[in-house]
Amino acid sequence: MIVKDSFLAKLRQAFNLNIYEVKIWTALLSRGISTAGEMADISGVPRSRSYDVLEILEKKGFVIMKLGKPIKYLAVKPEEVIRRVKKNIKEHADNKLLKLEEVRGTKLFDELKLLFDNGINLVDVTDLSGAIKGRENINDHISYLLSEAQKDVLLITTADGLSRKAGCFRKNLKNLSQKKISVKIVAPITKENSDVVKELSRFSEIRNTQRINSRFIIVDNKKILFMLMNDKEVHPEYDAAVWIESPYFANALGNFFNVVWDKLEDGRKVIGKFGGK
């Protein structure tokens with residue numbers, strides 16, 4: 001049996017298998033039923049390893065051992081393998097999440113918080129900054145900043161950025177609204193994102209700009225996250241941002257934001273022009 005290395009590599013990544021496991025599995029799939037020795041010969045996996053590999057694949061639900069002599073193995077249908085793998089991943093993830101949640105309220109968690117609180121008190125305010133790479137990491141940090149907000153949030157973004165943020169931070173914005181925390185958003189409002197504007201208007205005030213091309217967020221006039229790249233010209237993995245905790249700078253930037261805010265058209269009026277969507 002000849003299987004391309006690229007095909008084996010994709011299977012390894014998709015099903016989290018090592019090279020011996022994926023070779024034995026594909027060998028069995030090509031035969032339907034076979035002995036360990038036959039699969040070793042077909043796949044090129046050493047016979048001394050084939051039994052261990054088959055035992056692992058059996059535990060993972062990829063193969064079934066057929067009783068009798070010689071011992072043979074049956075291939076499980078790929079559809080059923082995917083179902084079993086998804087089930088195992090979910091159970092593993094749920095167990096991990098449960099263990100992490102159980103850490104809260106324990107002495108271990110209290111000690112972690114104490115270490116952080118003591119350490120942060122020693123940090124100079126000028127050191128409270130950092131660079132963040134990758135849009136996923138940026139979004140994680142925005143979510144964190146929103147969860148920490150106490151008074152207000154000022155956000156300016158692009159038309160596409162507004163749609164992305166609706167998907168990523170819908171829950172955060174809803175929580176802020178329930179806490180009566182002010183959220184102001186400035187973005188280009190278009191026919192394509194008018195539904196998003198309508199939805200987010202339930203949790204925030206949105207105003208339209210077609211001239212400003214910028215992306216940043218200010219939280220409590222203290223914390224700033226400033227995106228450095230044009231989101232239309234950069235791949236999400238190479239997006240970059242700078243995080244700064246500086247009340248002086250945040251307050252100054254917030255004042256500029258509010259001057260612009262007062263001159264912008266209410267987002268609800270803008271979407272009304274698109275047929276009331």
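Quick notes on this structure:
- Farthest towards the positive end of the charge dipole of segment 125-277, among the residues SER182, LEU225, THR158, is the Cα of SER182, using unit charges on the Cβ of Lys, Arg, Asp and Glu.
- Cut-off under 5 Å, modelled amide H: who pairs with SER34 long-range: TYR73
- Note: segment 5-80, Cα convex hull, 83 Å³ per residue.
- Put a plus charge on the Cβ of each Lys and Arg, a minus charge on the Cβ of each Asp and Glu, and nothing anywhere else: the dipole of the chain about its Cα centre is then about 1140 debye.
- Karplus-derived HN-Hα couplings along segment 169-186 (A = 6.51, B = -1.76, C = 1.60, θ = phi - 60°), whole Hz, x at Gly and Pro: 10, 4, 5, 4, 5, 5, 5, 4, 4, 5, 8, 6, 8, 5, 10, 10, 10, 10
- Take each peptide in 160-170, 242-252, count the other Cβ atoms within 10 Å of every residue, and average; sorted highest first, the result is 160-170, 242-252.
- Helix 247-261 vs. the chain, principal-axis angle (Cα, 0 to 90°, nearest 10): 70 degrees
- Relative contact order (%) - criterion: Cα under 8 Å, at least six apart; region: the chain: 15 percent
- Equivalent ellipsoid, the chain (semi-axes from 5 times Cα gyration tensor eigenvalues, Å): 53, 25, 18
- Vicinal HN-Hα couplings computed from phi for segment 232-244 (Karplus, 6.51 cos²θ - 1.76 cosθ + 1.60; Hz; Gly/Pro x): 7, 10, 10, 5, x, 5, 9, 4, 9, 8, 10, 9, 9
- Distances between every pair of Cα atoms in segment 158-277, grouped in 10 Å steps from 0 to the bin holding the largest one, split as 13, 42, 39, 7, 0 percent.
- Of all beta bridges that DSSP places with both ends in the chain, some 75 percent have antiparallel geometry.
- The chain: angle of helix 5-15 to the longest principal axis, Cα-based, in degrees nearest 10: 70 degrees
- Helix 135-148 axis, angle to the chain major axis (alpha carbon atoms, nearest 10°): 50 degrees
Quick note: the coordinates plus some simple rules give every number you see, no bench work behind them. Keep in mind the model is a prediction, meaning the values are calculated, not measured. Please note: Cβ atoms are built from the backbone with ideal geometry, for glycine as well, and neighbour counts cover all protein chains shown.
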